[in-house]
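Participant: Below is a structure I'd like to ask you about.
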Amino acid sequence: MHKTSKKTLAAAVAASLLLAAGGAAAQKSDLLSIYRDALANDPVYASARFANQAAREREPQARSALLPNVGASVGYNQIWQDSSTPNVSNSFNSWGPSLQLTMPIYRPQNWDALSQARLAVQSSEAQLAQARQDLILRVTQAYFDVLAAQDALTAIEASKKATAEQLAQARREFEVGTKTIVDTHEAQARFDQIAAQEEVARGDLIVKRNALRAIIGRDAGDALLPLRDAPQLTPPQPADVEAWAKRAEESSYGVAVARAAAEIAQIETTRSRHGHYPTLDLAASVSQSRTSGSLTSDASNTLRDSRIGVQLNVPIYSGGLIQSRVREALANEERARFDLESARRNAAQGARQAFTGVDFGLAQVRALESAEVSAKSQLDSTRLGYQVGVRINLDVLNATTQLFNTQRDLKKARYDFLVNGLRLKSAVGALDDKDVEAINALLAR
């Protein structure tokens with residue numbers, strides 16, 4: 001192959017590699033794209049969607065008990081009868097269609113069941129909305145867990161690199177006689193310790209990636225956009241924890257589900273009492289039958305029969321079943337009432353915890369931002385002191401580690417603040433896709 005051809009081939013390969021690298025960079029996933037993948041692939045949310053779809057059928061099923069019931073049938077019968085009449089066949093057949101209609105006129109239990117079915121649908125809608133909120137929280141938490149694990153590994157790698165440089169410097173200075181062997185041993189011990197921490201951090205990163213993969217159904221790898229270095233973090237509004245707690249008691253989806261259950265239990269008590277009531281139905285039928293004979297004649301005969309009427313059923317005694325059902329319904333009604341109160345208290349407590357996490361989380365972010373500035377100044381001062389001989393190598397290593405750890409903790413505090421903000425909105429039933437978009441706008445591009 002000519003040199004020119006080789007150069008052309010090499011240039012083509014290099015260009016393809018650059019395109020591949022650029023394509024990989026362009027394929028970085030942000031929080032919004034990860035969330036969309038979760039909407040399509042998360043099995044927990046998919047289960048909630050189909051559970052809601054199934055629950056919606058309860059209302060038409062309950063309504064069907066209030067509508068006419070029409071049925072058709074056709075029959076064929078072979079009949080044998082004993083007769084002493086001469087010249088008359090005692091065997092003939094009968095066949096023909098029939099149409100029946102039954103319509104409830106007064107059945108209060110059916111109306112109760114319809115009201116319960118509507119409440120069950122409302123409860124299912126609230127459960128689906130809660131499942132979507134939970135998905136947002138799970139995706140955001142898993143996304144930031146991966147970033148936090150990457151930050152921890154990056155901090156350890158940077159600390160390892162700085163320690164390796166310090167170790168090399170300590171060895172050179174020992175060789176020329178300006179430093180003792182103690183500095184070399186200290187740097188070597190710190191390097192070995194960081195190397196062990198690095199392996200632990202790599203394993204933790206794999207675990208966090210697998211947790212995200214379980215939600216979105218694919219491996220996101222390293223292609224996650226990080227948070228900006230100085231994102232704009234705003235405190236919750238209103239800045240009153242009790243206002244959030246009161247709103248959670250009224251608007252939380254968990255409270256909505258418990259409230260629907262309490263109303264269903266109340267209607268069940270009424271429905272059980274309606275077991276004492278009579279029922280009234282309209283019944284109508286049209287039939288036609290044709291026989292090949294009868295006991296009195298061998299001639300064929302066609303009979304048409306039309307009937308319409310009402311049927312009244314009055315329960316008199318059922319062995320105490322209805323009274324027992326009423327007592328059971330009353331007990332379940334009381335249980336549902338206390339479950340509702342428990343849901344309200346849990347919602348308020350969840351809102352208070354989330355508000356505290358946001359409030360103190362923001363204070364922690366501000367404190368760590370100041371600590372980062374101080375750690376940088378301390379490292380610069382320590383390095384200068386080492387150069388003039390007033391600080392030892394261990395001081396430089398400690399200052400370096402302190403800076404990297406502070407930067408890691410600062411990023412983690414920002415992640416926690418954002419997640420707690422979502423938890424606070426979820427506690428009051430206000431978390432939606434717009435909140436995901438708001439956090440997504442804080443990512444570095």
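Participant: Suppose only helical runs count, i.e. DSSP H with n ≥ 4. What mean residue ellipticity at 222 nm does that imply for the chain under -39500 (n - 2.57) per run, divided by all residues and rounded to the nearest 500 deg cm²/dmol?
Facilitator: So the helix-based figure for the chain works out to -24500 deg cm²/dmol.
Participant: For region 108-206, what is the convex hull volume of its Cα atoms per residue in Å³?
Facilitator: Normalising the Cα hull of region 108-206 by residue number yields 95 Å³.
Participant: Tally Lys/Arg at +1 and Asp/Glu at -1 over every other residue whose Cβ is under 14 Å from the Cβ of residue 137; what's the total?
Facilitator: Once all neighbours under 14 Å are counted, the net charge is -3.
Participant: Further question on the same structure: Out of 189, 245, 262, any idea which swings most in a Gaussian network model of the chain, alpha carbons joined below 10 Å?
Facilitator: In this elastic network of the chain, the residue with the biggest mean-square fluctuation among 189, 245, 262 is 189.
Participant: Now for a separate question. Could you state the number of Å between the C-alpha centres of region 309-327 and region 219-294?
Facilitator: That distance is 30 Å.
Participant: Taking the beta-carbon count within 10 Å as an exposure proxy, list 182, 74, 255, 326 from fewest neighbours to most.
Facilitator: Ascending number of Cβ neighbours within 10 Å: 74, 182, 326, 255.
Participant: In debye to the nearest 20, how big a dipole does region 338-437 give about its Cα centre with +1 on each Lys and Arg Cβ and -1 on each Asp and Glu Cβ?
Facilitator: Approximately 220 debye in magnitude.
Participant: Here's another thing I want to ask about it. Can you give the direction-averaged projected area of the convex hull of the alpha-carbon atoms in region 239-341, in nm²?
Facilitator: If I average the Cα hull's projected area over directions, I get 12.9 nm².
Participant: Can I ask one more? Provide the net charge surrounding residue 274, with neighbours chosen by a C-beta distance below 12 Å and charges set as Lys +1, Arg +1, Asp -1, Glu -1.
Facilitator: In short, +2.
Participant: What is the P(r) of region 194-286, as percent of Cα-Cα pairs per 5 Å bin from 0?
Facilitator: Going out from 0 Å in 5 Å bins, region 194-286 shows 2, 8, 7, 7, 7, 9, 11, 11, 8, 6, 5, 5, 4, 4, 2, 1, 1, 0, 0 percent.
Participant: Fewest Cβ neighbours within 10 Å first, please rank 138, 56 accordingly. The partial results should precede the final answer.
Facilitator: Numbers: 138 19, 56 14.
So the ranking, lowest neighbour count to highest, is 56, 138.
Participant: Moving on. Would you mind ranking 222, 42 so that the residue whose beta carbon has the fewest other beta carbons within 10 Å leads the list?
Facilitator: In order of increasing Cβ crowding within 10 Å: 222, 42.
Participant: Let me ask another. Can you tell me which aspartates and glutamates have their Cα less than 20 Å from the Cα of residue 28? Leave out same-chain residues fewer than eight positions away.
Facilitator: Of all the aspartates and glutamates, those that pass the test against residue 28 - Cα under 20 Å, at least 8 places apart if same chain - are 37, 145, 151, 219, 222, 229, 437.
Participant: Name the residue from 278, 130, 331 whose Cα lies farthest towards the positive end of the charge dipole of the chain, charges +1 on Cβ of Lys and Arg and -1 on Cβ of Asp and Glu.
Facilitator: Comparing the listed Cα positions along the dipole, 130 ranks first.
Participant: Below 8 Å between Cα atoms, with a sequence gap of 6+, how large is the relative contact order for region 282-441 in percent?
Facilitator: 20
Participant: Please check: in the Gaussian network model of the chain (C-alpha springs, under 10 Å), which one of 385, 350, 361 has the largest mean-square fluctuation.
Facilitator: 385
Participant: Roughly speaking, what is the centre-to-centre gap between region 349-396 and region 116-180 when only Cα atoms are used, to the nearest Å?
Facilitator: Cα centroid to Cα centroid, the span is 18 Å.
Participant: Can you list, bin by bin at 10 Å, the percent of alpha carbon pairs in region 353-411, starting at 0?
Facilitator: So the P(r) values, bin by bin, are 25, 37, 23, 11, 4, 0.
Participant: Something else now. What is the magnitude of the charge dipole of the chain about its Cα centre, with +1 placed on the Cβ of each Lys and Arg, -1 on the Cβ of each Asp and Glu, and no other charges, expressed in debye to the nearest 20?
Facilitator: The calculated dipole for the chain is roughly 740 debye.
Participant: Go through (i) 40.0, 154; (ii) 38.8, 142; (iii) 23.4, 87 and flag the label whose value is the computed Rg and Dmax of the Cα atoms in Å for this structure.
Facilitator: This structure yields the entry labelled (ii).
Read the figures in this text as sums done on the coordinates, not as results from a lab. Bear in mind that the values here come from a model prediction, so they are computed numbers and not experimental data. Reconstructed Cβ throughout: ideal geometry from the backbone, glycine too, with neighbour counts over all protein chains shown.
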